[in-house]
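One structure is given below, encoded as structure tokens.
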Amino acid sequence: MAGGGEKKSKANATGGGKKKEVKKETGLGLSYKKDENFGEWYSEVVVNGEMIEYYDISGCYIIRPWAMSIWETMQKFFDAEIKKMKIQNCYFPLFVSPTVLQKEKDHIEGFAPEVAWVTKSGESDLEVPIAIRPTSETVMYPYYSKWIRGHRDLPLKLNQWCNVVRWEFSNPTPFIRSREFLWQEGHTAFATKSEADDEILELYRRIYEEFLAVPVIKGKKSELEKFAGGLYTTTVEAFIPNTGRGIQGATSHCLGQNFSKMFEIIFENEKGEKAMAWQNSWAYTTRTIGVMVMVHGDDKGLVLPPRVASVQVIVVPVPYKDADTQGIFDACTATVETLCEAGICANMDSRDNYSPGWKYSHWEMKGVPLRIEIGPKDLAKNQVRAVRRDNGAKVDLPRSSLVERIKELLDEIQESLFVAAKQRRDACIQIVKTWDEFVEALGQRKMILAPWCDEEEVEKDVKARTKGEMGAAKTLCSPLEQPEIPEGTLCFASGKPAKRWSYWGRSY
Amino acid sequence: MVSALRLPSLHLTNLFSSSPCISRRSSAILRRHHRLRPPPTLTAGFSAQSAASSPPETDDKVVEIEKNRASQDRGNRERVITPRSQDFNAWYLDVISNAELADYGPVRGTMVIRPYGYAIWEAIQDYLNVKFKETGHSNMYFPQFIPYSFIEKEASHVEGFSPELALVTIGGGKELEEKLVVRPTSETIVNHMFTQWIHSYRDLPLLVNQWANVTRWEMRTKPFVRTLEFLWQEGHTAHATPEEAEKEAMQMIDIYTKFAYEHTAIPVIAGRKSKVETFAGASRTYTIEAMMGDKRALQAGTSHNLGQNFSLAFGTQFTDENGQRQHVWQTSWAISTRFVGGIIMTHGDDTGLMLPPRIAPIQVVIVPIWKKADEKTGVLSAALSAKEVLQKSGIRVKLDDSDQRTPGWKFNFWEMKGIPLRIEIGPRDVSSGSVVISRRDVPGKQGKVFGISMEPSILEAYVKDKLDEIQSALLERATSFRDSNIVDVSSYEELKEAISMGKWARGPWSASDADELKVKEETGATIRCFPFEQPQGNKTCFMTGNPAQEVALFAKSY
């Protein structure tokens, strides 16, 4: 079918081949290892973990309930937090007319190559093709211009949850780079620049670190990497050790007065003078889920942090021959009830056509943080066996104190996933001072922290000099928390005096 | 400024077309034509900074705005709402504009849902999402683009939708190999995937839902009621037996019905669609039909029993317990942002919006009133503590403490926004430890009660009680309006008469599809549904004189 057959058939082929291979054991499993073939491993794990289904249109994916619930968990947190900040939700149309889209020159240069166009309705051609939003600055700001008149109309703080479309041709990857994705986009307008410095980045850090257990670095994007048409861009950057690539986690753009100039977002200030509004826009996308999968997943499948897992505990009955099957099932049911009442998301896998072993593999593939097994011995001792997904550790828990112990374990798992991920990430960070060190570190797929002169030409030069099969190096961000720069420190690339420390590396 | 955005090719009559431009200086954006009106005049004797504590002055009729302020203030200029009785459509557009529910989108027939309108949608979502999950449905997300070949697979489906499809043919600067449909609904893509996910009876039932935007390139549009793009939820399920599918379709229409009655105070009539009105591709369509303030019918939600139509077209099969391959039985069901339009048109009045408490983003507004500066502190702190008391008990409350506006202006403003209850606190109230409470649904003195104690437990109980009372009162009012405008007919002449009077007609019907179309052509009315609740006894079709099984409900509709 349309363009994307290649990726799909590849995924199907691997899926099919794998099934035959390991069928003897469980019928489940991954045919690729994370350390050996990361790309294939990722495509396989998001499909077999039932997060994603490939689709006939390349770069468009179906988000299945297992992934959607993770998105919903983050959404619930973020939505409540921004409402506390008096940010209101709204909804602007999907369709953008070409005239508004082209209003901001730099902006359109950034997005035009990726736009999808509606050219027909029914059988008839539209006289003017209509764009599908790649982002909504140009859709929203004419209304900001209309709604904002006086300083009392400010600040105007709006957010929307929606889908956007960017028709890219570079290698599509589920969650990480897809032609349609879900996101929130916040757009705020203020009377002064100081108000426009916001706290959104901290919420993004919390989503990654507290929910997804993925360590991120808060930083500022370089001139070359900032949002087209904005003043500056701040970001939370994650790192994927296996591929040695940085990944932009979420961004917040200070747009300055650039868009308010183009879209005439003018207000009368308290002195009765006309002034232009200061604006921000900020977004995080379903990419968050992909980063989480890449960071925590292993050769058995997904590993979900408890705070975002829609099933935190899976209870599997283990009835041996001649055992008290009914007793075991009753104990499982009671365990699920006890846990659910305590607010823990627990489920029982009571299917009779699969063996306990098959079920273990199945739920490991889906990344459920904790498995509870109840067999005849456990029944006799009035205990359950709990098995951690993250490290495989097994522990017997008395049913009398089950709730407390399970809660402790879930907290521990959440914490240790983050700690382990941070250790792996930190081990990849390499401080370099010279070009030679830089090249060496890049070859070792490091996340490189280097003193930099912060000149656009130099970044372009670094890109050109590192161009190769794996892609060029670029700045990831300049961390907001800057290490000290001793007097006389020189830029690793240009030899000019260094202005700041920046992270460099290859990136998604 | 951006009027070039219009699509000149679409020159058919439509409500949006004459001024879809987002002209910065146009204050009457949602109007069909700009009307020049004088600003509201100052009513003699009203002292803007006094109010609630002195009853005679707070009569709502006297509450008006100082002329000089009004003339400088765009907010006040916009607050003129066409009386509902004079021109229902103009009234509707005025309410949407003035209450800041929505604005026209940049492309003809699209709309911007503003925070206040969106908050109503969120309230709908919050309720339904919980109900869907309670009944075992999971949320997921299907892509917005559907290959054209998918749409063609189910014959009646493509026939029903093809004139309204928006097609993407260019992406990333290149002509696409296959044109892509911007989803008008997702049955086809859902079935394409169900075919891959469903293998055996153990995979059934498969119950999913998505919250998404959909696009239908409509010619005649109206904010919320019919827009090119709208938001909705669409549920899709697959079952092993026709009985289960039927049960599911009925269960979902029941959930919608309960929601309409209990939360939005809209006394919908639930029933089955006629064959002519059935969804393209469904075996049976169930619907909830609501009577709007102008007595036109609004289809507010539908649930379809799709039978095996899509599973046959897509080959969605499963192996049953006996090892036999069978096609699945399916349903789909949806409620959209159209429902917001239904709420506006059911309850609104000449003053503006009127929101049922359970769906209102703000249930109570507190307006503090002070004349002298030394009264301000006491009044504000009393207002704040009242707010905290109510907030703590889960009531959605807003304190309007801005000193830019007079209390009179605020009264009008929040009434126009449809807030169910208003609490007024003035200096005298502070000294007596009480407040004044006014109901939105009962205008003037009748809806106003003085001397409600500020004692937290009393205030909280009183407000909760009043909110419940308003909720039931709105439902009662809408129900009696509905019932007094449905006429039982036993002949076509009677139907014609009822319809010409703008009423709904209910009568026994067993005539043909052709007869149904004739009624539509001659009277403009369609069969809204065969209500689930049917009168007892033998019936004779009013059109043909033949025996009839059921009565049908006819009305002009949106």
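What to note about this one:
- Of all the listed residues (A:G343, A:G357), the sole one being within 36 Å of the chain's Cα centre (by Cα) and assigned to a loop (DSSP other than H, G, I, E, B) is A:G343.
- Residues (in a loop (DSSP other than H, G, I, E, B), acidic (D, E) and closer than 28 Å to B:H157 by Cα) located in the range A:101-126: A:E123
- Taking the criterion of being buried (at least 23 other Cβ atoms within 10 Å of the Cβ) and over 22 Å from A:K366 (Cα atoms), the residues of the range A:34-59 that qualify are A:I57, A:G59.
- One residue alone among A:L370, A:L379 is more than 14 Å from A:V318 (Cα to Cα) and in contact with a helix residue (DSSP H, G or I) (Cβ under 9 Å, 6 or more places away or on another chain), and that residue is A:L370.
- Here B:F224 passes the criteria (1) more than 16 Å from the chain's Cα centre (by Cα); (2) within 21 Å of B:I120 (Cα to Cα) except the one numbered (1).
- Selection status of A:P129, part of a helix (DSSP H, G or I) and facing another protein chain (nearest Cβ under 10 Å): no
- Members of the range A:92-107 found to be more than 7 Å from chain B (Cβ to nearest Cβ), closer than 26 Å to B:E177 by Cα and out of contact with any helix residue (DSSP H, G or I) (no Cβ under 6 Å at 6 or more places or on another chain), listed by number: A:P98
- Yes/no for B:S97 being on the phi < 0 side of the Ramachandran plot, at pLDDT below 95 and not hydrophobic (A, V, I, L, M, F, W, C): no
- Scanning the range B:105-116 for residues that are facing chain A (nearest Cβ under 8 Å) and either under 17 Å from B:P420 (Cβ atoms) or in a loop (DSSP other than H, G, I, E, B) (or both) gives B:G105, B:P106, B:V107, B:T110, B:R114.
- Scanning the range A:440-464 for residues that are touching a residue at least 12 places away in the same chain (Cβ under 8 Å), loosely packed, with under 15 Cβ neighbours inside 10 Å and more than 29 Å from A:V303 (Cα to Cα) yields A:E456, A:K460, A:D461.
- Only one entry of A:E180, A:E137 meets the criterion of being closer than 23 Å to B:L231 by Cα, touching a residue at least 12 places away in the same chain (Cβ under 8 Å) and facing chain B (nearest Cβ under 10 Å), and that entry is A:E180.
- Only one of B:K275, B:K295, B:K247, B:K258 that is surrounded by fewer than 20 Cβ atoms within 10 Å (Cβ to Cβ) and at positive phi: B:K295
- Residues (assigned to a loop (DSSP other than H, G, I, E, B) and small (G, A, S)) located in the range B:539-558: B:G545
- Yes/no for B:E177 being at pLDDT below 95 and at the interface with chain A (Cβ under 10 Å from one of its Cβ atoms): yes
- Flag if B:G408 is buried (at least 19 other Cβ atoms within 10 Å of the Cβ), outside the structural domain of B:I255 (by the TED database) and not in a loop (DSSP other than H, G, I, E, B): yes
- Leading residue by the ranking (surrounded by the fewest Cβ atoms within 10 Å (Cβ to Cβ)) among those in the range A:108-126 that are more than 7 Å from chain B (Cβ to nearest Cβ) and closer than 20 Å to A:F169 by Cα: A:E109
- Here is the figure for the range A:51-60: residues that are within 17 Å of the chain's Cα centre (by Cα) and more than 7 Å from chain B (Cβ to nearest Cβ) total 3.
- Just one of the listed residues (B:T287, B:T331) is in contact with a His (Cβ under 7 Å, 6 or more places away or on another chain), buried (at least 24 other Cβ atoms within 10 Å of the Cβ), assigned to a strand (DSSP E or B) and outside the structural domain of B:G524 (by the TED database), and it is B:T331.
The values are calculated or read from the model by the stated rules, or taken from the named source; none is laboratory data. Note that this is a predicted model, so its numbers are computed, not measured. Using ideal geometry, Cβ is built from the backbone for each residue, glycine included, and neighbour counts are taken over all protein chains shown.
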